[in-house]
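Visitor: Got a structure for you, questions after.
The values are calculated or read from the model by the stated rules, or taken from the named source; none is laboratory data. This one's a predicted model, so the numbers in the text were calculated from it and none came from an experiment. So basically every Cβ, Gly included, is an ideal-geometry build from the backbone, and we count neighbours across all protein chains shown. These area figures cover heavy atoms from the full protein model, side chains too; ligands, DNA and RNA do not enter into them. Shrake-Rupley method; radii C 1.70, N 1.55, O 1.52, S 1.80 Å.
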Amino acid sequence: MSQIRFQASGLKVHQAADVIDSQITLDADVVIVGSGAGGAVSAYELARQGKRVVVLEAGPYVPSQAFTEDFTQSLHDLYQDQGGQANSSGDLLVLQGACVGGSTVVNGCVCFRTPDFILQDWQRDFGLSELTEAELAPYFDEVEKNLSVHDNGEHEIARHGQVIREGAKKLGWSVKPLRRNIRQCGLTGHCLSGCKTERKQSMLVTYLPWAQAYGASIYSDTRVEKVLTENGEASGVEAVITRHDGTVAASMTVKAPRVILAAGAVQTPVLLLKSGLANRSGQVGRNFACHPSLLVAARYPQPIHPWRGALLGVHVDEFMHPDKGGFVLEDGGFGLVEMTMLAEPGTGKPFMDYMADARYLSGLVTLIHDHNVGTIEWDGERKAINYQLSNADFPSMQRAIKAAARLHLASGASEVYVPASDKRVIRSEADIDDQVDSLENAPQHLRMVSYHPQGTCRMGADPDASVVKANGETHDVPGLYVADASLLPTSIIVNPQITVYALATRIARHMS
Ligand SMILES: Cc1cc2nc3c(=O)[nH]c(=O)nc-3n(C[C@H](O)[C@H](O)[C@H](O)COP(=O)(O)OP(=O)(O)OC[C@H]3O[C@@H](n4cnc5c(N)ncnc54)[C@H](O)[C@@H]3O)c2cc1C
């Protein structure tokens, strides 16, 4: 007998509002926790193999037509903790999607393969000898084809990208169009609020419907609370289905001999810690890295209108290799809400002046190759993200700010704003060292944001030093897998979605 009602249109997601019974019990071959990059790809790959797949997603199902293109509303509707997820000291915003499709619904579409120098580190330091560039290439080829990944065409490089490209060329720095997973971009710049016209090839409009076509079931509003084991092997999960008013609609048990955790790099370790599983190494929740980034904004003499055109156009990869600096700069379009969240407009009159000049502003997003110094903790009631930019990484951050300032100035900017707690404005080359060298690596000093949490259940050959094997299975619990950004043993310096898709594809294909 059916335990839920079915909706008439859209992706067939079983939502809390459809639940009839207060206890739901399902049998599956594989249960997948989370429907973002790792979860959706795993679901498709396994359903395609004929497996009975159930996907459980804690966030709501929000169909694309309901996206508002209002970033404040989108933070509330689509993001983890309504966009307010932060580290313990409150100076690092950790943005993650929390909806069917996960972070892929709200991401900026930028696509990079894992750099080979990162894979070489993994082979050398973590015994991941199988993860070579040649081994992974077919997986990257496949996901890139499936998601229409392509170099931005000239029309996809907005004014903010064009000025940055001109500046980089003047400086003789390598600058390239970004690659993005989008079909016929509408150039509205609302990627971070979800793509209303479904041109972004997120999991919501690609792998999840494809998985469903092969028979996978998707449950939204369903938070997995515990992973179950029998005789030391994975046997399923327990979850709670919660209505949007906060009341509990049902408890759920899914019995399955394969459990894949793809709840993202903050929630996957929390779930393992809550379940008391797979932590013989003591590494669950450790090694959190996040590419702490800054939005370095600048004022130009001519209007740029940073909210017009495609969100992200070009990047400077001149300094990507750690020997050359260990950072990447991406030209970032941004709207008014992002300006106030991420830049440093001051308060009162300075704030009003800054916002009044909004159309003259342009941004650069810095990404640094940080070390895995953070931890995710669970105290029985709530999670904590403990992360401070390490002193070892601070010089990288300073180099990235200096390069961003130099690039803005070369591109014609008259003022560059350092997103620090004390107002710092750079007006000429001569100001750069003074303003940036005197920055302190102290809590609450830099306005940092992470779009890329990683590393909290790292892969490795050594069961004493890592949580999962190269095939994604935990060292300790047969049948329990991790297939999300928690896997990455080091930060990868570039935007991680393609790495997660490729690894999840490989994990599903190797699953017995
Ligand atoms: C604003 C933003 C912009 C970004 N831009 C880019 C970009 O341009 N390019 C790029 O490469 N990357 C980008 N990223 C990062 C990229 O989207 C992520 O690296 C990737 O989606 C991570 O995949 P994942 O499977 O680890 O987690 P996610 O895609 O975050 O999916 C995890 C899912 O699990 C669900 N979940 C959590 N806990 C539970 C639970 N207990 N039970 C059930 N479900 C649970 C969550 O609600 C979420 O939907 C961006 C991210 C954000 C937030």
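Visitor: Looking only at segment 129-144, count how many residues are farther than 25 Å from SER202 by Cβ, under 23 Å from the mean Cα position of the chain (by Cα) and touching a residue at least 24 places away in the same chain (Cβ under 8 Å).
Guide: So the answer is 1.
Visitor: Within segment 76-89, can one find any residue that is on the phi > 0 side of the Ramachandran plot and among the charged types (D, E, K, R)? Steps first, answer last, please.
Guide: To start, the set of residues in segment 76-89 that are on the phi > 0 side of the Ramachandran plot comprises 81-83.
Narrowing the set further to residues that are among the charged types (D, E, K, R) leaves 81.
Looking for residues that are on the phi > 0 side of the Ramachandran plot and among the charged types (D, E, K, R), one finds at least one in segment 76-89, hence yes.
Visitor: For segment 90-109, indicate whether the set of residues that are under 24 Å from ILE492 (Cβ atoms), within 15 Å of the ligand (Cβ to nearest atom), in a strand (DSSP E or B) and open to solvent by less than 10 Å² (accessible area, probe 1.4 Å) is non-empty. Full working, then the answer.
Guide: In the first step, residues of segment 90-109 are kept if they are under 24 Å from ILE492 (Cβ atoms); the result is 91-98, 101-109.
Pick out the ones that are also within 15 Å of the ligand (Cβ to nearest atom) and you get 92-98, 101-109.
Of the ones still in play, those that are also in a strand (DSSP E or B) are 92-94, 97.
Filter once more, keeping what is open to solvent by less than 10 Å² (accessible area, probe 1.4 Å): 92, 94.
So far as segment 90-109 goes, yes, one or more of its residues are under 24 Å from ILE492 (Cβ atoms), within 15 Å of the ligand (Cβ to nearest atom), in a strand (DSSP E or B) and open to solvent by less than 10 Å² (accessible area, probe 1.4 Å).
Visitor: Then there's this: Can you name the residue in segment 172-201 that is over 17 Å from ASP331 (Cα atoms) and among the charged types (D, E, K, R) and is also surrounded by the fewest Cβ atoms within 10 Å (Cβ to Cβ) among such residues?
Guide: ARG183
Visitor: Oh, and also: Go through segment 409-425 and give me each residue that's over 26 Å from the mean Cα position of the chain (by Cα) and surrounded by 23 or more Cβ atoms within 10 Å (Cβ to Cβ).
Guide: Restricting attention to segment 409-425, the residues satisfying the condition of being over 26 Å from the mean Cα position of the chain (by Cα) are 409-416, 422-425.
Within segment 409-425, SER411, ALA413, VAL416 meet the criteria.
Visitor: Within segment 465-502, track down each residue that is closer than 17 Å to GLN123 by Cα and open to solvent by 10 Å² or more (accessible area, probe 1.4 Å).
Guide: Correct list: ALA465, LYS469, ALA470, ASN471, THR490.
Visitor: Restricting the search to segment 71-89, which residues are open to solvent by 30 Å² or more (accessible area, probe 1.4 Å) and either near the ligand (Cβ under 7 Å from one of its atoms) or part of a strand (DSSP E or B) (or both)?
Guide: We begin by selecting, within segment 71-89, every residue open to solvent by 30 Å² or more (accessible area, probe 1.4 Å); these are 72-73, 76-77, 81-82, 84, 86, 88-89.
Of everything in segment 71-89, just one residue is open to solvent by 30 Å² or more (accessible area, probe 1.4 Å) and either near the ligand (Cβ under 7 Å from one of its atoms) or part of a strand (DSSP E or B) (or both), namely ALA86.
Visitor: Out of the residues in segment 120-135 that are part of a helix (DSSP H, G or I) and either closer than 24 Å to SER148 by Cα or charged (D, E, K, R) (or both), which is least open to solvent (accessible area, probe 1.4 Å)? Show your work before the answer.
Guide: Step one: list which residues in segment 120-135 are part of a helix (DSSP H, G or I), which gives 120-126, 133-135.
After this cut, where a residue has to be either closer than 24 Å to SER148 by Cα or charged (D, E, K, R) (or both) as well, the list is 121, 124-125, 133-135.
On the way: ASP121: 38, ARG124: 163, ASP125: 88, GLU133: 106, ALA134: 82, GLU135: 61 Å².
Among those that are part of a helix (DSSP H, G or I) and either closer than 24 Å to SER148 by Cα or charged (D, E, K, R) (or both), it is ASP121.
Visitor: Next up: Taking segment 266-284 on its own, how many of its residues are in contact with a helix residue (DSSP H, G or I) (Cβ under 9 Å, 6 or more places away or on another chain), within 15 Å of the ligand (Cβ to nearest atom) and open to solvent by 20 Å² or more (accessible area, probe 1.4 Å)?
Guide: Selection size over segment 266-284: 2.
Visitor: Within segment 315-344, how many residues are without any contact (Cβ under 8 Å) to a residue 40 or more places away in the chain and more than 19 Å from the chain's Cα centre (by Cα)? Steps first, answer last, please.
Guide: Kept after step one, since they are without any contact (Cβ under 8 Å) to a residue 40 or more places away in the chain, are these residues of segment 315-344: 323-324, 334, 336, 340.
From what is left, the residues that are more than 19 Å from the chain's Cα centre (by Cα) are 323-324, 336, 340.
Qualifying residue count for the region: 4.
Visitor: I need the full set of residues from segment 5-16 which are modelled with pLDDT of 95 or more and either surrounded by fewer than 16 Cβ atoms within 10 Å (Cβ to Cβ) or under 30 Å from GLY472 (Cα atoms) (or both), in order please.
Guide: VAL13, HIS14, GLN15
Visitor: Next question. Filter segment 222-236 for residues that are over 20 Å from ASP18 (Cβ atoms) and β-branched (Val, Ile, Thr) and give the result.
Guide: Going through segment 222-236, the residues over 20 Å from ASP18 (Cβ atoms) turn out to be 225-236.
Scanning segment 222-236 gives VAL227, THR229.
Visitor: Quick test for you: out of GLN65, GLN96, pick the one residue that is out of contact with any strand residue (DSSP E or B) (no Cβ under 6 Å at 6 or more places or on another chain) and at pLDDT below 95. Give the derivation first.
Guide: On the way: GLN96 fails: at pLDDT below 95.
One residue alone meets the criteria, GLN65.
Visitor: So, one more: For the subset of segment 358-382 comprising residues that are touching a strand residue (DSSP E or B) at 6+ places or on another chain (Cβ under 7 Å) and open to solvent by 50 Å² or more (accessible area, probe 1.4 Å), which member is farthest from ALA298 (Cα to Cα)?
Guide: GLU377
Visitor: Out of segment 426-464, which residues are more than 16 Å from the ligand (Cβ to nearest atom), open to solvent by less than 40 Å² (accessible area, probe 1.4 Å) and modelled with pLDDT of 95 or more?
Guide: ILE426, ILE432, VAL436, LEU439, GLY460
Visitor: To continue, here is another question. Residue check, VAL416 against (1) among the hydrophobic types (A, V, I, L, M, F, W, C); (2) away from the ligand (no atom under 14 Å from the Cβ); (3) assigned to a loop (DSSP other than H, G, I, E, B); (4) modelled with pLDDT of 95 or more, all met but one. Which one?
Guide: (3)
Visitor: Given the structure, is ALA405 assigned to a loop (DSSP other than H, G, I, E, B), within 27 Å of PRO301 (Cα to Cα) and at pLDDT 95 or above?
Guide: Values: assigned to a loop (DSSP other than H, G, I, E, B): no; within 27 Å of PRO301 (Cα to Cα): yes; at pLDDT 95 or above: yes.
Judged against the criteria, ALA405 is not a match.
Visitor: A follow-up question, please. Taking strands (runs of 3 or more DSSP E) that fall entirely within segment 23-68, which contain at least 2 residues that are open to solvent by 10 Å² or more (accessible area, probe 1.4 Å) and either touching a residue at least 12 places away in the same chain (Cβ under 8 Å) or away from the ligand (no atom under 15 Å from the Cβ) (or both)?
Guide: Working: elements: 23-27, 30-33, 53-56.
In segment 23-68, 23-27 are the strands (runs of 3 or more DSSP E) which contain 2 or more residues that are open to solvent by 10 Å² or more (accessible area, probe 1.4 Å) and either touching a residue at least 12 places away in the same chain (Cβ under 8 Å) or away from the ligand (no atom under 15 Å from the Cβ) (or both).
Visitor: Hey, another quick one. Looking at (1) near the ligand (Cβ under 10 Å from one of its atoms); (2) open to solvent by 10 Å² or more (accessible area, probe 1.4 Å), which one does ARG113 not meet, given that it meets all the others?
Guide: So ARG113 meets the others, but not (1).
Visitor: Sticking with this one: Mind checking which strands (runs of 3 or more DSSP E) fall wholly inside segment 422-512 and carry at least 1 residues that are among the hydroxyl-bearing types (Ser, Thr, Tyr)?
Guide: Working: elements: 424-426, 448-450, 480-482.
Fully inside segment 422-512 and qualifying: 448-450, 480-482.
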